[in-house]
Amino acid sequence: MTEWQAHTVVTEEYVDPAPVAALSAVLDSGAPPVGAGDPLPPLWHWAALARWPFSSAIGPDGHPARGSFLPPVELPRRMFAGGEVEFRGPIAVGSTVRREAEVVSVTPKTGRTGSLVVVVVETRLYTDADTPALVERQNLIYREAAATDPVDRTPPVIDPVGTPLIRTAAWEWDLRTDPTVLMRFSAATANPHRIHYDWPYATGVEGYPGLVVHGPLMTIALAETLRRERPEQTPTRLRHRNVAPLFCAEPARIRLRADARPSADSTAELVLAVLSGADTEHTVVTAELPGGRDHA
């Protein structure tokens with residue numbers, strides 16, 4: 001990795017209504033439709049600005065081969081670990097933005113599963129020449145190869161669940177997944193990572209017990225819960241952490257932590273978690289909201 005140098009990639013990007021509509025169809029949360037001219041909901045730039053890599057650039061895991069924009073980390077397993085997004089101004093569907101992206105740090109570490117590398121990517125989206133409307137940092141973790149079980153795993157038959165987001169109570173939603181939901185989210189966000197759709201690869205190569213629910217899908221589901229519960233308040237900042245993997249068809253629930261109920265008329269910090277039946281946290285989102293109902 002001695003010859004690789006971090007650099008800033010600057011592009012003009014169309015905020016495409018087509019993947020926005022696709023994401024809305026996948027989530028099917030009952031929120032009003034989002035179309036051309038509407039502001040992007042929080043985190044929906046992950047769909048609107050996603051771009052498919054050329055087939056010739058794809059690496060063994062389905063992601064683009066490393067060594068160009070991302071550093072040539074040799075560890076094979078990649079995980080979307082979380083990050084932070086600051087929302088400074090609206091971004092309209094159908095508009096054009098300037099995107100500036102750069103790798104700001106590459107940090108080797110040692111964890112419970114062995115060696116790993118944490119790569120932090122910063123992205124800035126500009127709607128005018130000087131002030132970014134969105135500033136984001138994503139944390140990507142690369143890990144060692146899994147010790148895979150040689151036993152053949154036959155994939156189960158999982159029927160479509162229908163609407164993946166179901167409200168069960170105030171600040172409480174069920175998140176349901178099936179292979180179709182995962183495939184459609186991969187398509188909407190231009191995510192070719194094989195752990196989300198390729199059962200033999202996910203289980204036999206990466207060592208997971210099944211298809212892996214996307215970290216961004218869990219994170220957007222939490223943000224969508226917030227948007228449905230507080231449509232009049234757009235977050236100014238979202239911090240998100242993917243703590244543990246969630247697997248396709250595992251029961252999951254989104255709820256508000258009891259000690260973090262927001263106030264309607266003051267700046268508040270929300271913490272939501274995706275929970276499995278064992279009450280294990282998978283993803284946590286902390287949202288800072290503007291005070292007052294006059295902030296839309």
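Could you list, in sequence order, all residues of the range 23-35 that are surrounded by 13 or more Cβ atoms within 10 Å (Cβ to Cβ) and more than 25 Å from ARG241 (Cα to Cα)? Listed by number, the list holds a single entry, VAL34. Of the residues making up the range 196-213, not one is under 14 Å from the mean Cα position of the chain (by Cα) and farther than 13 Å from ALA249 by Cα.
Within the range 220-245, the set of residues being in contact with a Gly (Cβ under 9 Å, 6 or more places away or on another chain), part of a loop (DSSP other than H, G, I, E, B) and under 17 Å from TRP44 (Cβ atoms) comprises GLN233 only. What are the residues in the range 137-195 that are among the aliphatic types (A, V, I, L, M), within 22 Å of the chain's Cα centre (by Cα) and farther than 30 Å from LEU125 by Cβ, if any? Matches in the range 137-195: VAL161, ILE166.
Of the residues ARG78, ARG112, ARG124, the single one that is among the basic types (Lys, Arg), under 30 Å from PRO200 (Cα atoms) and crowded, with 18+ Cβ neighbours inside 10 Å is ARG78.
Can you confirm whether TYR208 is under 15 Å from ARG77 (Cβ atoms), in a loop (DSSP other than H, G, I, E, B), at pLDDT 90 or above and hydroxyl-bearing (Ser, Thr, Tyr)? Against the criterion (under 15 Å from ARG77 (Cβ atoms), in a loop (DSSP other than H, G, I, E, B), at pLDDT 90 or above and hydroxyl-bearing (Ser, Thr, Tyr)), TYR208 qualifies. Taking VAL135 as the residue in question, decide whether it is in a strand (DSSP E or B), of a type in the set (A, V, I, L, M) and without any contact (Cβ under 8 Å) to a residue 40 or more places away in the chain. The answer is no for VAL135.
Within the range 138-191, the set of residues being assigned to a loop (DSSP other than H, G, I, E, B) and β-branched (Val, Ile, Thr) comprises THR148, VAL151, THR154, VAL157, ILE158, VAL161, THR163, THR177, THR189. Among the residues of the range 192-204, those identified as in a loop (DSSP other than H, G, I, E, B) and either touching a His at 6+ places or on another chain (Cβ under 7 Å) or at pLDDT below 90 (or both) are PRO192, HIS193.
Scanning the range 81-105 for residues that are of a type in the set (Lys, Arg) and surrounded by 17 or more Cβ atoms within 10 Å (Cβ to Cβ) yields one hit, ARG99.
Return yes or no: is GLU100 in contact with a Lys or Arg (Cβ under 7 Å, 6 or more places away or on another chain) and of a type outside the set (Phe, Trp, Tyr)? It is true that GLU100 is in contact with a Lys or Arg (Cβ under 7 Å, 6 or more places away or on another chain) and of a type outside the set (Phe, Trp, Tyr).
The values are calculated or read from the model by the stated rules, or taken from the named source; none is laboratory data. For clarity, every value in this text was computed on a predicted model and none was experimentally measured. Here Cβ is always computed from backbone atoms with ideal geometry, including for glycine, and neighbour counts include all displayed protein chains.
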